[in-house]
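The values are calculated or read from the model by the stated rules, or taken from the named source; none is laboratory data. Given the structure is predicted, the values throughout are model-derived calculations rather than measurements. Positions of Cβ are generated from backbone atoms using ideal geometry, with glycine treated the same way; all protein chains shown enter the neighbour counts.
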Amino acid sequence: MNKQFNVPKPVYPWETLRSPFAGTLDQEETIWYDQDYQFLSKESMARYRKMRLIDVGPFMVPGAAEKERILHATRFAIYMTVTDDYAELLPIKEIAGFRDRIFEVMMGDDPKPGEIGIFRQMQANRKEWIALGMPDFWLERMAKKYKYNFVTDGIMEESPYKISKEIPPIPLFHLIRANSIGMIPFVDLICPTTGFALPDFIYNHTVIQRIIMLQSIIVALQNDFATIGKELAIESEMFNIIKLLMYHNKMSFDEACREGMRIHDELVDEFVTLSNHLPDFSPYQRETEEFIYYIKQMISGLNNWYYQSGTKRYEPGGFAVPPNGKGETLERVEIKHF
């Protein structure tokens, strides 16, 4: 391998806002970790404290003017990330049990004494959403999206490939990753942020569902470019578009980067086209357009978080290894993003 690989950064054709809350929520993060994440190993906990996950909310919902309308999103981002890291290499039956208990708590069941603290974070999140005006239909939608899209169709479909080291076909990879990246439930956090729960007849419309799927695939590809240094060093990690293109298409690393970015940019073009040609959603046209605007901010804001937040998540020794994982097993290649 070369000593250094050059990797492009995605760019987006809209302006991204900057949140005044970025870098100001460290106290909240410390309290959450100290109270509810002590079930993690000391090493994992030390790594999470360097990841700057607390800034995911400010970067992804930069238009929120009130602290409460950002805190709920950053709380969610942390426990969603821990869910993925904690469960991804567990046996499927154990993931299913964890998933089912998550669903119960997100639907309103109280965490039991002795259960791991992540459930208390999920309960706190539900209370935040109710305080921000979210109705029962939205709370149920969020719980179902977390259970079925993120865990069942995402983590549980991805895990067997990581354990067996089999290589998924690229079309299937896009669908699994769109779920496992967690953006299908995350996008609904726009609703408590703005104070408007998008009605089911709008949310379930074909165009809106396609826009949501596009943002999820786009963010997954964005993640692949940002994290490729880590994933080249993990032998079992093939869920990265660059590695898959190299394998399936017999491409060099540079060729795979160019092709991966072409796929990304093509999806962004479709996303913009659909965003500019929304159906008539009266009497909620303005609210729907605001929802789409916030999706755009989520996409480009997360991209900025990778490169501007100071996260150590994707640096050597920065990733929390799953209970059954081995972490980095190969020598790191230096990555230069441009």
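Answer yes or no: is there a residue in the stretch 273-286 that is surrounded by 15 or more Cβ atoms within 10 Å (Cβ to Cβ), among the β-branched types (Val, Ile, Thr) and either at pLDDT 95 or above or under 25 Å from ARG52 (Cα atoms) (or both).
No: the stretch 273-286 contains no residue that is surrounded by 15 or more Cβ atoms within 10 Å (Cβ to Cβ), among the β-branched types (Val, Ile, Thr) and either at pLDDT 95 or above or under 25 Å from ARG52 (Cα atoms) (or both).
For GLY195, work out the one condition from (1) under 21 Å from GLY63 (Cα atoms); (2) touching a helix residue (DSSP H, G or I) at 6+ places or on another chain (Cβ under 7 Å) it doesn't fulfil.
GLY195 satisfies every listed condition except (2).
Out of VAL61, VAL56, VAL82, report the one residue that is of a type in the set (A, V, I, L, M, F, W, C) and over 13 Å from the mean Cα position of the chain (by Cα).
On the way: VAL56 fails: over 13 Å from the mean Cα position of the chain (by Cα); VAL82 fails: over 13 Å from the mean Cα position of the chain (by Cα).
From the options VAL61, VAL56, VAL82, the qualifying one is VAL61.
Looking at the stretch 272-281, can you tell me whether even one residue there is of a type in the set (Asp, Glu) and touching a helix residue (DSSP H, G or I) at 6+ places or on another chain (Cβ under 9 Å)? Reasoning before the result, please.
Initial filter on the stretch 272-281 (of a type in the set (Asp, Glu)): 280.
This time we only want the ones that are touching a helix residue (DSSP H, G or I) at 6+ places or on another chain (Cβ under 9 Å), so: none.
Within the stretch 272-281, none of the residues are of a type in the set (Asp, Glu) and touching a helix residue (DSSP H, G or I) at 6+ places or on another chain (Cβ under 9 Å).
Scan ILE102, ILE118 and give me the residue that is in contact (Cβ under 8 Å) with a residue 40 or more places away in the chain, buried (at least 20 other Cβ atoms within 10 Å of the Cβ), among the hydrophobic types (A, V, I, L, M, F, W, C) and in contact with a Lys or Arg (Cβ under 8 Å, 6 or more places away or on another chain). Working first, answer last.
Details: ILE118 fails: in contact with a Lys or Arg (Cβ under 8 Å, 6 or more places away or on another chain).
Answer to the check: ILE102.
Pairs under 8 Å by beta carbon, first residue on the phi < 0 side of the Ramachandran plot in the stretch 254-274, partner of a type in the set (D, E, K, R) and part of a helix (DSSP H, G or I), six or more apart or different chains?
Cβ pairs passing all conditions: ALA256/LYS243; GLY260/ASP224; LEU274/ARG210.
If you take the residues in the stretch 42-73 that are small (Gly, Ala, Ser) and surrounded by 12 or more Cβ atoms within 10 Å (Cβ to Cβ), which one is nearest to ILE116 (Cα to Cα)?
Taking the stretch 42-73 first, the residues small (Gly, Ala, Ser) are 44, 46, 57, 63-65, 73.
Narrowing the set further to residues that are surrounded by 12 or more Cβ atoms within 10 Å (Cβ to Cβ) leaves 44, 46, 57, 63-64, 73.
Numbers: SER44: 15, ALA46: 18, GLY57: 23, GLY63: 33, ALA64: 31, ALA73: 21 Å.
Among those residues, the one meeting the criterion is SER44.
Give all pairs with beta carbons closer than 6 Å in which a residue from the stretch 24-39 that is farther than 24 Å from GLU66 by Cα and in contact (Cβ under 8 Å) with a residue 60 or more places away in the chain meets a residue that is of a type in the set (D, E, K, R) and surrounded by fewer than 19 Cβ atoms within 10 Å (Cβ to Cβ); count only pairs at least 6 apart in sequence or on separate chains.
Taking only residues 6 or more apart or on different chains, the pairs are ASP36/ARG120.
Being of a type in the set (D, E, K, R) and more than 18 Å from THR81 (Cα to Cα), is that true of even one residue in the stretch 296-319? Before the answer, list the steps.
From the stretch 296-319, those of a type in the set (D, E, K, R) are 296, 312-313, 315; that's our starting set.
Next cut, more than 18 Å from THR81 (Cα to Cα) only: 296.
Among the residues of the stretch 296-319, at least one is of a type in the set (D, E, K, R) and more than 18 Å from THR81 (Cα to Cα), which makes the answer yes.
Results for (1) touching a Gly at 6+ places or on another chain (Cβ under 9 Å); (2) crowded, with 21+ Cβ neighbours inside 10 Å; (3) on the phi < 0 side of the Ramachandran plot; (4) part of a helix (DSSP H, G or I), shown as yes or no for each residue.
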| residue | (1), (2), (3), (4) |
| --- | --- |
| ASP153 | no, no, yes, yes |
| LEU175 | no, no, yes, yes |
| VAL187 | no, yes, yes, yes |
| PRO192 | yes, yes, yes, yes |
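I need the full set of residues from the stretch 248-277 which are within 16 Å of TRP14 (Cβ to Cβ) and among the β-branched types (Val, Ile, Thr), in order please.
Selection gives VAL268, VAL272, THR273.
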